[in-house]
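Structure first, commentary second.
The values are calculated or read from the model by the stated rules, or taken from the named source; none is laboratory data. Keep in mind that what you see is a predicted model, and the values were worked out from it rather than measured. Here the Cβ positions follow ideal geometry from the backbone for every residue, glycine too, while neighbour counts run over all protein chains shown.
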């Protein structure tokens, strides 16, 4: 995914991170200068969904304008041979063993 906040803000006449920071604070989203820098520069470490809601309301846009999919960056699926698929499927299934009725669990194997 590509973070597109700066362009979305510019389309609405917001050219400075400090101006957007003030607008977000007016809506109750108080964030540090470091986090604002990450959001503005295009490389946020993390963003909460409620923060995304506030940004969308302030800018008057949808999430689809802030987050742009980049399907070309997703690696292609590697086809497995028929025998390898059966082995892989068996490796992912674990046998279920019932617990004894003593009320205590068994130690790990």
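I'd like to check something: does segment 26-35 contain any residue that is under 17 Å from residue 67 (Cβ atoms) and loosely packed, with under 12 Cβ neighbours inside 10 Å? The answer is no, given that none of the residues of segment 26-35 is under 17 Å from residue 67 (Cβ atoms) and loosely packed, with under 12 Cβ neighbours inside 10 Å. Taking the criterion of being exposed (fewer than 12 other Cβ atoms within 10 Å of the Cβ), touching a strand residue (DSSP E or B) at 6+ places or on another chain (Cβ under 8 Å) and either in a loop (DSSP other than H, G, I, E, B) or at pLDDT 95 or above (or both), the only residue of segment 1-25 that qualifies is 1.
The residue that is farthest from the chain's Cα centre (by Cα), counting only those in segment 39-53 that are part of a helix (DSSP H, G or I) and exposed (fewer than 11 other Cβ atoms within 10 Å of the Cβ), is 50. The residues on offer are 61, 56, and the sole one that is closer than 30 Å to residue 10 by Cα, part of a loop (DSSP other than H, G, I, E, B) and modelled with pLDDT of 70 or more is 61.
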